[in-house]
Amino acid sequence: MGIQSRRRSFLPYSGPALSRRRLRGFTLLELMFALAIAAVILAVGAPSFAEFRRNARLTSVANDFLAATQLARTEAIKRRTTVSICPSLSANDAAAACDGADFGGWIVFEDGDRSCTRDAGEAVIGGETPINAADVSDSYRVSAVANGDCVSIAATGFVDDRAAEPSLNRLVFCDERGTAGIGGSNRANARAFALDPNGRARLTRDADVIAAWGVGCP
């Protein structure tokens, strides 16, 4: 009798209380309330996400051009020749050429004759495909405005002031928001590129500095 009692104590309880337990779902009112909250969050978050995407595009393009300039300087010193960057929309083509576009794309190339124009025998070192695809909406299009047509870095690592074209030293990347400060601050939406005579480059978002350059967005 004692053994049977001990065995019964290990059996799971399955009394009537468990059989009456039910899972409770959402009521219609609760579901409508949750959807209303989701709609508010979406309405508030969508503009912020759009701003994030535009800022990310500008930052990416400006950083790519800064990296191209650093590459040109490194390669000019290594190859002991002038290396230039010119605007090009055919950076991926075997016969990539300087086409006079406003840095909607670019190539980095050996520029032995300092012409700021790539000749057939001059090697392409790097480049960037067009930054604006045909299907990019106006809100996300990036414009590039410079105070020159090319960047030329001499074998010394300094800007080559003997090149056929004066090397640009100011370039502004912007979108439809322009270069004005954000919310009355001095932090611009645009990303601006500056090249010093010693060949060192940097980016800035200082709205007053960009305005003083006189290189505005279209």
Residue 145 vs (1) under 19 Å from residue 82 (Cβ atoms); (2) more than 16 Å from the chain's Cα centre (by Cα); (3) not charged (D, E, K, R): all pass except (1)
Which of (1) closer than 17 Å to residue 168 by Cα; (2) aliphatic (A, V, I, L, M); (3) surrounded by 15 or more Cβ atoms within 10 Å (Cβ to Cβ) is the odd one out, the single condition residue 67 does not satisfy? (3)
Subset tally (residues that are without any contact (Cβ under 8 Å) to a residue 24 or more places away in the chain and surrounded by fewer than 19 Cβ atoms within 10 Å (Cβ to Cβ)) for the range 75-112: 7
Tell me, yes or no, whether the range 169-188 has at least one residue that is more than 17 Å from the chain's Cα centre (by Cα) and under 27 Å from residue 77 (Cα atoms). yes
Do we have residue 197 as modelled with pLDDT under 90 and either in a loop (DSSP other than H, G, I, E, B) or among the hydrophobic types (A, V, I, L, M, F, W, C) (or both) here? no
Give the residue, chosen from 152, 167, 139, that is of a type in the set (Gly, Ala, Ser), touching a strand residue (DSSP E or B) at 6+ places or on another chain (Cβ under 7 Å), outside any loop (DSSP other than H, G, I, E, B) and farther than 14 Å from residue 105 by Cβ. 152
Quick check on residue 146: is it farther than 18 Å from residue 171 by Cα and surrounded by fewer than 21 Cβ atoms within 10 Å (Cβ to Cβ)? no
Please pick out the residue among 133, 144 that is in contact with a strand residue (DSSP E or B) (Cβ under 6 Å, 6 or more places away or on another chain) and either in a strand (DSSP E or B) or of a type in the set (A, V, I, L, M) (or both). 144
Return a yes/no flag: does the range 177-193 have any residue that is modelled with pLDDT of 85 or more and farther than 17 Å from residue 209 by Cβ. yes
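The values are calculated or read from the model by the stated rules, or taken from the named source; none is laboratory data. Computed from a predicted structure; not experimentally measured. Using ideal geometry, Cβ is built from the backbone for each residue, glycine included, and neighbour counts are taken over all protein chains shown.
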